[in-house]
Amino acid sequence: MINERMEKEINDQINAEFWSAYLYLSMSAWFTQRNLPGFANWMYVQYQEEISHGMKMFRYIHERGGNVKLLPIAKVDSEWKSPSDAFQSTLEHERKVTSLINSLMDTAHEIRDYATINFLNWYIEEQVEEEANADEIYNKLLMVEKDLAALYALDKEYSTRVFVDATLPAAE
Ligand code: FEO
C-alpha cells in the first residue's frame, strides 16, 4: 500500500505531466499556424510523451493499491515571440519538471519508500534526455533562426520524429 503523502505527491505530478502535455500541444498549434509543420510534429510527439509520463504514474498508483485523483489542468500560454522563444520556454519548463521529480525522490527517500525510489529512477533518467533535447534544439534555433532556408531545413528534420511509448515494456 502506498503512503498517503507519496500518493498525493505523485497525483500532483500526474497533473504536472498532463499540464506539460497541454503546453506542448499549444506549442504544436502555434508552429502549425506559422507554417512550420516539422516543429509542430516534434511538439505533438512531445505532447504524446507527456501523456505517457502521466499514465505511467497513473498505473503505478494503482499497482501500489492507491487512488488516482485527477486535478484541474491550468491554462497554458498560446503565444511565443519566435521558434527559439518557444524552445527556451520548453527548456525552462523541463528544468522545472526535473526539480519536481527531484522533490518526489526526496520524499521517497525521507519515508524510505524503496519501490517508489526504484520507480522514480526512470524519470530521473528521462529528465536528462528531456533537458538535453530541448537545449540542443534551442541552441540550433539561435544559430539559424534568421536564415529562412536553414530554418526550413531544420523544420524538415523534425518532421520525422515519431512517438514511441518508452513507458511500456518492450514487446517480446
Ligand atoms: Fe514528463 Fe517532459 O517531462
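The values are calculated or read from the model by the stated rules, or taken from the named source; none is laboratory data. In this text, all values refer to a predicted model and were calculated from it rather than measured experimentally. Ideal geometry is used to build each Cβ from the backbone, glycine not excepted, and the neighbour counts take in all protein chains shown. Heavy atoms of the whole protein, side chains included, go into the accessibility calculation; ligands, DNA and RNA do not. Shrake-Rupley method; radii C 1.70, N 1.55, O 1.52, S 1.80 Å.
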Among all residue pairs at least 6 apart or on different chains, which show Cβ distances below 9 Å where the first residue, located in segment 14-35, is under 23 Å from residue 60 (Cβ atoms) and the second is among the basic types (Lys, Arg) and surrounded by 17 or more Cβ atoms within 10 Å (Cβ to Cβ)?
-> 17/56
Members of segment 142-172 that are farther than 30 Å from residue 60 by Cα, without any contact (Cβ under 8 Å) to a residue 40 or more places away in the chain and hydrophobic (A, V, I, L, M, F, W, C) = 143, 144, 148, 149, 150, 153
For residue 102, are the conditions met, namely being touching a residue at least 60 places away in the same chain (Cβ under 8 Å) and open to solvent by 20 Å² or more (accessible area, probe 1.4 Å)?
-> no
Considering each residue of segment 56-82, count those that are closer than 27 Å to residue 9 by Cβ, touching a Ser or Thr at 6+ places or on another chain (Cβ under 7 Å) and surrounded by fewer than 18 Cβ atoms within 10 Å (Cβ to Cβ), and give that number.
-> 2
If you go through 157, 131, 126, the only one that is over 19 Å from residue 54 (Cβ atoms), acidic (Asp, Glu) and part of a helix (DSSP H, G or I) is 157
With respect to residue 7, is the statement that it is at pLDDT 95 or above, among the acidic types (Asp, Glu) and under 20 Å from residue 129 (Cβ atoms) true?
-> no
Residue count for segment 131-146, restricted to those that are more than 20 Å from residue 34 (Cα to Cα), of a type in the set (A, V, I, L, M) and open to solvent by 90 Å² or more (accessible area, probe 1.4 Å) = 0
May I ask you to say which residue of 149, 108 is over 22 Å from residue 23 (Cα atoms), open to solvent by 60 Å² or more (accessible area, probe 1.4 Å) and more than 19 Å from the chain's Cα centre (by Cα)?
-> 149
Would you mind stating whether residue 155 is charged (D, E, K, R), closer than 28 Å to residue 30 by Cα and within 15 Å of the ligand (Cβ to nearest atom)?
-> no
